[in-house]
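The values are calculated or read from the model by the stated rules, or taken from the named source; none is laboratory data. As the structure is a computational prediction, the values presented were derived from the model and not from experiment. Note that each Cβ is placed from the backbone with ideal geometry, even for glycine, and that neighbours are counted across all protein chains shown. In case anyone asks, the SASA skips ligands and DNA or RNA and just uses the protein heavy atoms, side chains included. Shrake-Rupley method; radii C 1.70, N 1.55, O 1.52, S 1.80 Å.
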Amino acid sequence: MSHMCDSVSERNIDINRSSTAPQSTSQPFRSKSSLSNRAQDHQTPTKQAAKKSPKKSAMSRNKQFQGETGVSSQTFTNCSVSSIDNAVQNLNINNENDEIDQGDSPKSKNAKRKEKIKLKQLTMPTQVNSNNRPQSSQFTSGYPERNEYPSLHEFFTYQISPLYANANSRYLENLSHHPQYQFSHNISNAHLATSLPNTPYLIPQQPKSMSIPNSPILHSEYMSLNCLQNVMQHPLLCQTYNANFQNKLNSSLTAVESTSSPTDKTTPKHKRNKKKPKPTADLRFDAYLSPEEVEVGLRDNIFIEGVLRINPKQFQHSYVSCYDRSEQDILIDGIKNRNRALEGDIVVVQMIENENDDDSEEEKQKKGKVVFIKEKLHNRTCIGNLKLMPDNNRQRALFVPRDNRIPRLNIPFTSWPDNFYDDAKNYENTLFLAKIGDWVDTRFAMGTIVCNIGQSGDMVSETKAILAQTDLDIRPFGPEVRHLYPRLDYKIPDEEFAIREDCRKLCLFSIDPSNCRDIDDAVSCRELENGNYEVGVHIADVAHFLTENTILDEKVADKATTIYLVEKAYHMLPDDLCMLCSLFPGVDKLAFSVFWEITRDAKVLSHRFAKTVINSCAQLSYDHAQAILDDKDNSELNFPETYNGYLYNDIHTVVKTLGAIASTFRRNRFDSGALRIDQPKVSFHLNVANGLPDSFCIYQSKESHQLIEEFMLLANMTVANRIREDHPRLAFLRCHPPPSGFMLKQLAKSLKPMGIDLDISSAGDLHRSLLPHVGPSCTDPGKVMVLNMLCAKPMTRAKYFCADGCDDDDFHHYALNVPLYTHFTSPIRRYADIMVHRLLAASLKYRENPEWDVDKVRMIAAQCNKQKYNSKKASELSTELYTLKYIEMNSPLKTEAAVVEVREKYIDVIVIAMGLNRRIFFNNDFPGKYMCIKNKGGTKLSKMELTWNAVNQLPEITQVIQVFSILMVELYKDDDLGKIDIKLVRPQ
């Protein structure tokens, strides 16, 4: 059995409730078949069933009616379909406490007598309206005055049927399934003909009374009290009730309760002490403050603005960072306090008092609630499954998102796929994209189905789901943009040679992954007469071909980044333009270059920029370059083809020279205070025939990777200084804000007793204190992964921004520990780099200074940030998808995992072989006992003591788990959730 997550289990409980329980606020019409079956079941009840049938006291039913029907005292006329929906949302109907019809269980004589007493105290207005429609001033009735109490079919005929005169045909089709509706039509067809629109669904039908023998709903002459109460909850009828009638009814019910309620001696104790249902107000969100109130509160530091982060493993908890990063993040506890905000939204938070006064000042958690959403960055769409309600509700279906951070949705029948109600089982494994609409109830939101994604488990459909979930546009470019860039047979014109530097004779080559097809950059190196080196970084000149302010430029800016999934890359640029710009070997290409004069001991003396024409002499992979740096004997044997008269020995010399300079750069950079936290990345080898994963490995940063990394960093920093100097307002830069000082302090405090002294004073100090535990000399890969993961949690995201209006501190890049940084080296896959190319070209007088509006630059920066995050998320989800597929194909997969954190009922681990972070719960499935041994020094110092039961010939065994412990685990696919599940393996 799989171990269920706390956050998931609560939802599963809610999902299994009846749709008319608190998760749904509308009372559905029963289908004709379901009502027939229930009537037949009632006709011949067994004695045992009759004994077990629950009996509600009149007092409990009356209280339920008064407390939950929530009938509005306002009066409305001309009800539209939209108003129907609003009314439905304002109801709170609980059929677990009310008897829906009188045929569910036989009544005793005493119960019938009590109901007659109640009926005598209820009066119903009998004023007749000439045109048989509800009036705005009172509750009308058009039935005969033979008695004060109407029969049910008369009530339908004169009160409910006219309310549907303006309803649409699909809604009426559902209504036509109701047996009482058909019965009413048969009796008073002439009246309905004048009240309802012409629609095929209203053709009179003979009631199938033979299939519902002795049904009290269809054949009782007068409505019983229970039936009347249920009818009054009708959403349309509620809007036509007059306040006078509601008051009279409430007073009548109060009188009934006072005269007919049993004494304490006769009322069973378990019924008297039954808890009242939770008020509807507790299930509704608070109204947002006005923008004016928010601005005043932010100005006076009463409110706090920040980005909302929701815990994916415990969706009730979300966090907002304070302006002061040394302060603790604010906890938004519960969905109601989150107030309809979703992951990534910019929210305004009001602090609330912490009810737990037992905590010390240092450990007391700051809490708040969302009072305003300043910017909805979440697109309000989600991927999930659609299923019928437990009672086969014809009006609403339940949509269960895959992402626990998104609420469950009620989907109206108008948005269902074809034949969904009849073939619901065929849709059980179908993935849908849904959009959130109204959200007024904390338990669920209203939504609509956008499209059918495909079948769950199918790799193509799952990939589509990932792209839809992350709101990424992968649509190819259409023919309307084809004329805006040259074809692949483009030949560089002579005027370009006249204004560019000719670098085709340089020993210049690229170093990229072996499967790379987007070659953004190349490097060169030549020795100068004075013994120094001229090192060049050459970047594809995409901005030359991508004309500004064209429809193509707008589309590329909207995509903002190339999306890299496991099996495919979705390019930011049209495929032909990618090929045209990529720096393939043996072909003349346009480039934007940066040159430095560097000494043999890696000191940079000067730099210059130029637009160039280059011709690469080789396309190297990281493996080719690494073989040269490692002096492998077969490095020449596996070397790629060379061009321009250069041979292996020429390239070998340049690679060794660049490797030595890059190594010194790297050492100096970390000595100057830079920080690097490596996160594990999984690389898959896919089967050519079926595209499924055959094997995987963890990406390792080698010297060849570091060679390219150091020169790209140097180019980005050099360009950043130039555009900041020449374009102080429009400079398109990238910064990395400092991490959460509070979280770093807590981490350092918890790791100190374990012998790890973290110095969190600066990025450089943190790197130096981590080096003994995560550096090359560390032989424990599990400990390295855990420490890197723990240190990455307090970090913030780097972001693009416009220089206008920023202070000097806003420019700083924390991890690199440099005052200015930007992205210049990957214009084929990042639109931010194209913006930087245009600014640098203006600085060098290759073009006019851009007359950009500052707000436009900020909007482009925001789009680049959003798309970069979404594409990174999609890449992670794609990796997880293929990991899940690999585990499914090799299940169960036994491997080692390192403990990251110990909690009271679970532990977090990271799977060493694939860098997978998972949670192991200890619940009823665990074959033994477990106990968390808490440590006052900090939660991360807690230990978990497990006692495994004796089984077969294995004796009872005790296992103690703490942070950094290496455990043996089993990975397998959870078929119910479609996710990777994990369980602990009994130690030998």
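Identify all residues within region 893-939 that are of a type in the set (Lys, Arg), assigned to a loop (DSSP other than H, G, I, E, B) and either over 29 Å from the mean Cα position of the chain (by Cα) or buried (at least 18 other Cβ atoms within 10 Å of the Cβ) (or both); write none if there are none. Once the filter is applied, which keeps residues that are of a type in the set (Lys, Arg), assigned to a loop (DSSP other than H, G, I, E, B) and either over 29 Å from the mean Cα position of the chain (by Cα) or buried (at least 18 other Cβ atoms within 10 Å of the Cβ) (or both), region 893-939 yields Lys934, Lys936. Tell me which of these His317 doesn't satisfy, since it passes every other one: (1) open to solvent by 20 Å² or more (accessible area, probe 1.4 Å); (2) closer than 21 Å to Arg405 by Cα; (3) touching a helix residue (DSSP H, G or I) at 6+ places or on another chain (Cβ under 8 Å). Unmet for His317, out of (1) open to solvent by 20 Å² or more (accessible area, probe 1.4 Å); (2) closer than 21 Å to Arg405 by Cα; (3) touching a helix residue (DSSP H, G or I) at 6+ places or on another chain (Cβ under 8 Å): (3). Taking the numbered list (1) open to solvent by 50 Å² or more (accessible area, probe 1.4 Å); (2) farther than 30 Å from Trp852 by Cα; (3) among the aliphatic types (A, V, I, L, M); (4) touching a residue at least 60 places away in the same chain (Cβ under 8 Å) in turn, Val587 passes all entries but (4).
Of all residues in region 546-569, those that are under 30 Å from Asp853 (Cα atoms) and either surrounded by fewer than 16 Cβ atoms within 10 Å (Cβ to Cβ) or touching a strand residue (DSSP E or B) at 6+ places or on another chain (Cβ under 7 Å) (or both) total 10. Since Arg666 meets every condition but one in (1) in a strand (DSSP E or B); (2) touching an Asp or Glu at 6+ places or on another chain (Cβ under 8 Å); (3) farther than 24 Å from Asp518 by Cα, which condition does it not meet? Status for Arg666: all satisfied but (1).
When you look at Ile449, is it outside any loop (DSSP other than H, G, I, E, B) and open to solvent by less than 60 Å² (accessible area, probe 1.4 Å), yes or no? Yes: the conditions hold for Ile449. For beta carbons closer than 8 Å, sequence separation of 6+ or different chains, a first residue in region 848-861 that is of a type in the set (A, V, I, L, M, F, W, C) and a second that is open to solvent by 80 Å² or more (accessible area, probe 1.4 Å), the qualifying pairs are Val854/Arg729; Ala861/Lys799.
Determine whether Ser769 is under 24 Å from Ile539 (Cα atoms) and polar (S, T, N, Q). Explain how you work it out, then say what you get.
Working: under 24 Å from Ile539 (Cα atoms): no; polar (S, T, N, Q): yes.
It is false that Ser769 is under 24 Å from Ile539 (Cα atoms) and polar (S, T, N, Q).
Beta carbons closer than 6 Å, at least 6 apart along the sequence or on distinct chains, pair a first residue in region 663-674 that is closer than 15 Å to Glu703 by Cα with a second that is aliphatic (A, V, I, L, M) and open to solvent by less than 40 Å² (accessible area, probe 1.4 Å) for Thr664/Ala602; Phe665/Ala602.
Taking first residues from region 621-637 that are assigned to a helix (DSSP H, G or I) and partners that are open to solvent by 70 Å² or more (accessible area, probe 1.4 Å), the Cβ contacts under 6 Å between residues at least 6 apart in sequence or on separate chains come to Gln626/Lys702; Leu629/Glu703.
Restricting attention to region 785-811, the residues that are touching a residue at least 40 places away in the same chain (Cβ under 8 Å), open to solvent by less than 70 Å² (accessible area, probe 1.4 Å) and either hydroxyl-bearing (Ser, Thr, Tyr) or within 15 Å of Ile910 (Cβ to Cβ) (or both) total 9. Taking the criterion of being closer than 30 Å to Asn690 by Cα and among the aliphatic types (A, V, I, L, M), the residues of region 525-567 that qualify are Ile563, Leu565, Val566.
Within region 699-710, is there a residue that is of a type in the set (A, V, I, L, M, F, W, C) and in a helix (DSSP H, G or I)? Checking region 699-710: at least one residue is of a type in the set (A, V, I, L, M, F, W, C) and in a helix (DSSP H, G or I).
From the set of residues in region 804-829 that are of a type in the set (Val, Ile, Thr) and assigned to a loop (DSSP other than H, G, I, E, B), which is farthest from Leu583 (Cα to Cα)? Show your work before the answer.
Of all residues in region 804-829, those of a type in the set (Val, Ile, Thr) come to 818, 822, 825, 828.
Restricting the remaining residues to those that are assigned to a loop (DSSP other than H, G, I, E, B) gives 822, 825, 828.
Values: Thr822: 22, Thr825: 13, Ile828: 11 Å.
Among residues in region 804-829 that are of a type in the set (Val, Ile, Thr) and assigned to a loop (DSSP other than H, G, I, E, B), the one farthest from Leu583 (Cα to Cα) is Thr822.
When His270 is tested against the conditions (1) more than 18 Å from Pro407 (Cα to Cα); (2) modelled with pLDDT of 90 or more; (3) not in a loop (DSSP other than H, G, I, E, B), the lone failure is (2).
Checked against (1) buried (at least 18 other Cβ atoms within 10 Å of the Cβ); (2) in a helix (DSSP H, G or I); (3) not small (Gly, Ala, Ser), Pro772 meets all criteria but (1). Listed by first and then second residue, the pairs linking a residue in region 446-457 that is touching a residue at least 24 places away in the same chain (Cβ under 8 Å) and on the phi > 0 side of the Ramachandran plot to a residue that is β-branched (Val, Ile, Thr) and loosely packed, with under 15 Cβ neighbours inside 10 Å, with Cβ atoms under 8 Å apart and 6 or more places separating them unless they lie on different chains, are Gly454/Val460.
Taking region 369-398 as the search range and keeping residues that are of a type in the set (Lys, Arg) and within 18 Å of the chain's Cα centre (by Cα), which one is surrounded by the most Cβ atoms within 10 Å (Cβ to Cβ)? Before you say what the answer is, go through the steps one by one.
Restricting attention to region 369-398, the residues satisfying the condition of being of a type in the set (Lys, Arg) are 369, 374, 376, 380, 387, 394, 396.
After this cut, where a residue has to be within 18 Å of the chain's Cα centre (by Cα) as well, the list is 376, 380.
On the way: Lys376: 14, Arg380: 17.
Step by step, filter region 369-398, then rank; the result is Arg380.
Count of region 763-784 residues, restricted to those that are in contact with a strand residue (DSSP E or B) (Cβ under 9 Å, 6 or more places away or on another chain) and basic (Lys, Arg), is 1. Among the residues of region 298-324, those identified as assigned to a strand (DSSP E or B) and either within 17 Å of the chain's Cα centre (by Cα) or without any contact (Cβ under 8 Å) to a residue 60 or more places away in the chain (or both) are Gly306, Val307, Leu308, Arg309, Ile310, His317, Ser318, Tyr319, Val320. Among the residues making up region 405-420, a single one is surrounded by 15 or more Cβ atoms within 10 Å (Cβ to Cβ) and among the hydroxyl-bearing types (Ser, Thr, Tyr): Ser415.
On inspection, Glu876 passes the criterion of being closer than 26 Å to Asn788 by Cβ, modelled with pLDDT of 90 or more and open to solvent by 20 Å² or more (accessible area, probe 1.4 Å). Every condition in (1) on the phi > 0 side of the Ramachandran plot; (2) assigned to a strand (DSSP E or B) holds for Arg526 except the one numbered (1). Would you point out the residue of region 965-988, among those that are at pLDDT 85 or above and not in a strand (DSSP E or B), that is surrounded by the most Cβ atoms within 10 Å (Cβ to Cβ)? The residue in question is Ser965. Kindly evaluate Ile756 against the criterion of being in a loop (DSSP other than H, G, I, E, B), open to solvent by less than 30 Å² (accessible area, probe 1.4 Å) and without any contact (Cβ under 8 Å) to a residue 60 or more places away in the chain. Here the answer is yes, as Ile756 does meet what is asked. Beta carbons closer than 6 Å, at least 6 apart along the sequence or on distinct chains, pair a first residue in region 683-697 that is more than 16 Å from Asp458 (Cα to Cα) with a second that is among the aromatic types (Phe, Trp, Tyr) and open to solvent by 70 Å² or more (accessible area, probe 1.4 Å) for Ser683/Tyr699. Of everything in region 837-868 that is of a type in the set (Asp, Glu) and either surrounded by 19 or more Cβ atoms within 10 Å (Cβ to Cβ) or under 40 Å from the mean Cα position of the chain (by Cα) (or both), the residue that is nearest to Val542 (Cα to Cα) is Glu851.
Condition first: of a type outside the set (A, V, I, L, M), in a helix (DSSP H, G or I) and crowded, with 17+ Cβ neighbours inside 10 Å. Now tell me which residues in region 465-505 satisfy that. It would help to see each step written out before you state the result.
Narrowing region 465-505 to residues of a type outside the set (A, V, I, L, M): 469-471, 473, 475-480, 482-483, 485-487, 489-491, 493-497, 500-505.
Checking the rest, the ones that are also in a helix (DSSP H, G or I) come to 469, 479-480, 482-483, 494-497.
Listed by number, the list holds a single entry, Gln469.
Taking Lys845 as the residue in question, decide whether it is among the basic types (Lys, Arg), more than 25 Å from Asp833 (Cα to Cα) and not in a strand (DSSP E or B). When the stated conditions are applied, Lys845 does not pass them.
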